[in-house]
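Asker: One structure coming up, written as structure tokens, with questions to follow.
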Amino acid sequence: MNDELESERLLLRPMRAEDVPQIAALMADYDIVKNLSTAPYPYTLADAEAFFARQREAKADGEKHDFAIVEKSGGGLIGKIGMCAKEGVFEIGYWIGKPYWGRGFATEAARRVLAFGFGELKFERIVAGWFEDNPASGHVLDKLGFTATETVGRDCLARGHTVRCNMMALTREAFAERRVS
């Protein structure tokens, strides 16, 4: 199985120890962590180190497929994307550092990871969720062909309370049809 994935502008690769300071720097922004379930705020270097350690453990058990998002044109980590098993279903999640917003990186990275999930890993269905006050993430999922399934409450550690989360799903068949058209 390939540890690195490529798209037109991005290299998706395993997280490295040298990424930890950049993870901490990007995730120190409340506008990033408020849209994630398990990230604390304030987010510190110690949080990034613990996150990195958990990523390595989860990769070993095969329940998680995470990638650092790096621009091919140079520079370091700009975000993270991955899929993890939750209650027998694989869920995709991502974040992009604020300096890189609005450039299509989330859509490009997610498209490549979905191709990996449906192609190499043979998933039949992948789900995703976005907090209702983060419509940009919902727009990314819409562009990829996800369809709404339900709205649930999801805990957000940074906010300290439950947030309405719009859940969406994409099947292998729908993804394949979208890629052909």
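Readers should treat all values here as calculations from the given coordinates under stated rules, not as data from a laboratory. This is a predicted model, so every value here is computed, not measured. Glycine gets a Cβ as well: all are built from the backbone with ideal geometry, and neighbour counts include every protein chain shown.
Asker: Please list 3J(HN,Hα) in residue order for the stretch 19-33, calculated via the Karplus relation 6.51 cos²θ - 1.76 cosθ + 1.60 where θ = phi - 60°; whole Hz, with x for glycine and proline.
Answerer: 7, 3, x, 6, 4, 4, 5, 5, 7, 6, 8, 4, 5, 7, 5
Asker: Order of 106-117, 13-24 by packing, highest average Cβ count within 10 Å first?
Answerer: In decreasing order of mean packing, 106-117, 13-24 become 106-117, 13-24.
Asker: Across the chain, how many lysine pairs separated by 8 or more positions, or lying on different chains, have Cα atoms within less than 21 Å?
Answerer: Total qualifying Lys-Lys pairs in the chain comes to 15.
Asker: Follow-up question, since we're still on this one. How high is the relative contact order of the stretch 61-181, in percent, counting Cα pairs under 8 Å that sit 6 or more residues apart?
Answerer: 19 percent
Asker: Could you tell me what fraction of 2.2 N^0.38 Å the Cα radius of gyration of the chain comes to, as a two-decimal ratio?
Answerer: Taking N as the residue count of the chain, the ratio is 0.97.
Asker: Might you report the magnitude of the Cβ-based charge dipole of the chain about its Cα centre, with Lys and Arg at +1 and Asp and Glu at -1, to the nearest 20 debye?
Answerer: Taking the Cα centre of the chain as origin, the dipole is about 260 debye.
Asker: Below 8 Å, C-alpha to C-alpha, sequence gap of six or more: please give me the relative contact order for the stretch 1-130 in percent.
Answerer: Once divided by the residue count of the stretch 1-130, the mean separation gives 25 percent.
Asker: Hey, what do the phi angles of the stretch 68-85 turn into as Karplus ³J(HN,Hα) couplings, whole Hz, using 6.51/-1.76/1.60 and θ = phi - 60°, x for Gly and Pro?
Answerer: Once rounded to whole Hz, the list reads 6, 9, 10, 6, 5, 6, x, x, x, 5, 10, x, 9, 9, x, 10, 9, 7.
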